[in-house]
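Written below as structure tokens is the structure these notes are about.
The values are calculated or read from the model by the stated rules, or taken from the named source; none is laboratory data. Note that the coordinates shown come from a computational prediction; the quantities given were computed from them, not determined experimentally. For neighbour counting, all protein chains shown are included, and Cβ atoms are generated from backbone atoms with ideal geometry for every residue, glycine included. These area figures cover heavy atoms from the full protein model, side chains too; ligands, DNA and RNA do not enter into them. Shrake-Rupley method; radii C 1.70, N 1.55, O 1.52, S 1.80 Å.
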Amino acid sequence: MPSQAEAKQRKILNLNRENYHSIEADRDYLSVSQFKQFMTCEASAVAHLSGEYVRHDTNALTVGSYVHTAFEGAEAHQKFIDDNSESIFKKRGSGKYADFEQADQMIEAIKRQKLAMFALEGESEQIFSVHLFGADWKIRTDVINHQTHRFADIKTCENINKRFWDDKYDGWCSFVEHWGYVLQMAVYRRALKEITGDEYTPYIVAVSKESPPNVAVINFDPSRFEFELKYVENHMERILKLKSGEEEPIECGKCDYCRRTKTITKVIEVGQLIY
Ligand SMILES: [Zn+2]
């Protein structure tokens, strides 16, 4: 990890748990989720960084964090519940909302699987920063085990076997590829190599929102990582120019931000709707 002295030298924020998700941290560092935002919609990513567009946490995100904190430890989970009690508990005092009842089932489903619990052994929520591909990156591992050189991330999904069409892969793929989780694992692995000098092996513990939930422990053929790192590298120049304001962002015309701000100026042919 670049030392605090190094961070100071380059006048960038020293990361901690409190400021990790702040706009200041997003301005000084690139993260996998920010990279994915730029790939989805440049205009919304730039508007987020300027403070013009504030994304609000969706219920799905709160459910995801609820599941995550359950594996950080009892204290972290209780703190999350206390901080978010209005989203979790029904107003009239009759238990949790259905999404969180479901989340409890997901947590139990993971805890029943020895292999999943084994994959999740290690230190929770570690933050690292690293200089890669011409930028400072921030990464945050769900679980990392420095003895066994493994790290793992918990991912919630609709159905672990669902197929998605994805232009990036020019074909059908799983939720893991579609939501950029292979890219995330590739960048994290590369970052950890840079920081520690060791090769870390990533795992995903996936849990579905079905009832009863499905659980899987997923690993990666290492050949997948090169493709993802090349993909990141290929887009870095543009992203850095967008972040520094040297280039103008393009609107995707479809996302939450674009739908709020766009003015339509031309008619489109039917065929254009799905491209
Ligand atoms: Zn957009």
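I'm checking my understanding of the structure. Among residues of the range 251-267 that are open to solvent by less than 90 Å² (accessible area, probe 1.4 Å) and of a type outside the set (S, T, N, Q), which one is nearest to HIS48 (Cα to Cα)?
Once the filter is applied, the top-ranked residue is TYR257.
Can you tell me which residue among ILE127, ILE144, ILE139 is hydrophobic (A, V, I, L, M, F, W, C), surrounded by fewer than 17 Cβ atoms within 10 Å (Cβ to Cβ) and within 19 Å of the chain's Cα centre (by Cα)?
Answer to the check: ILE127.
In this structure, is ARG224 within 16 Å of the ligand (Cβ to nearest atom), open to solvent by 100 Å² or more (accessible area, probe 1.4 Å) and assigned to a helix (DSSP H, G or I)?
no
Is it the case that some residue within the range 228-236 is in contact with a helix residue (DSSP H, G or I) (Cβ under 6 Å, 6 or more places away or on another chain) and at negative phi?
Yes, the range 228-236 contains at least one residue that is in contact with a helix residue (DSSP H, G or I) (Cβ under 6 Å, 6 or more places away or on another chain) and at negative phi.
What are the pairs, 6+ residues apart or on separate chains, where a residue within the range 205-225 that is over 30 Å from ALA98 (Cα atoms) has its Cβ under 7 Å from a residue that is open to solvent by less than 70 Å² (accessible area, probe 1.4 Å)?
Going by the 7 Å Cβ cut-off, the qualifying pairs are ASN219/TYR203; PHE220/VAL182; PHE220/MET185; PHE220/PRO202; ARG224/VAL182; PHE225/ALA186; PHE225/ARG189.
Given the residues LYS162, LYS91, LYS168, which is the only one that is assigned to a loop (DSSP other than H, G, I, E, B), open to solvent by 50 Å² or more (accessible area, probe 1.4 Å) and at pLDDT 95 or above?
Criteria check complete, one pass: LYS162.
Please determine whether any residue of the range 194-215 is farther than 30 Å from ILE274 by Cβ, open to solvent by less than 70 Å² (accessible area, probe 1.4 Å) and in a helix (DSSP H, G or I).
The answer is yes; a qualifying residue exists.
Within the range 127-157, can you find the residues that are free of Cβ contacts under 8 Å to residues at least 60 places away in the same chain and not in a strand (DSSP E or B)?
Matches in the range 127-157: HIS146, GLN147, THR148, HIS149.
Filter the range 119-161 for residues that are at positive phi and touching a Pro at 6+ places or on another chain (Cβ under 7 Å) and give the result.
Of everything in the range 119-161, nothing turns out to be at positive phi and touching a Pro at 6+ places or on another chain (Cβ under 7 Å).
With the condition kept exactly as written, say whether any residue in the range 95-103 is touching a residue at least 60 places away in the same chain (Cβ under 8 Å), in contact with a strand residue (DSSP E or B) (Cβ under 8 Å, 6 or more places away or on another chain) and buried (at least 16 other Cβ atoms within 10 Å of the Cβ).
Checked the range 95-103: no residue is touching a residue at least 60 places away in the same chain (Cβ under 8 Å), in contact with a strand residue (DSSP E or B) (Cβ under 8 Å, 6 or more places away or on another chain) and buried (at least 16 other Cβ atoms within 10 Å of the Cβ).
Being open to solvent by less than 20 Å² (accessible area, probe 1.4 Å) and away from the ligand (no atom under 15 Å from the Cβ) is the filter here, so list the residues in the range 27-61 that pass it.
Matches in the range 27-61: TYR29, LEU30, SER31, VAL32, PHE35.
Criterion first (open to solvent by less than 90 Å² (accessible area, probe 1.4 Å) and either touching a helix residue (DSSP H, G or I) at 6+ places or on another chain (Cβ under 7 Å) or more than 16 Å from the ligand (Cβ to nearest atom) (or both)) does LYS243 satisfy it?
Here the answer is yes, as LYS243 does meet what is asked.
Would you check which residues across the range 41-81 are closer than 21 Å to ARG17 by Cα and of a type in the set (D, E, K, R) and list them?
Across the range 41-81, the qualifying residues are ARG55, ASP57, GLU72, GLU75, LYS79.
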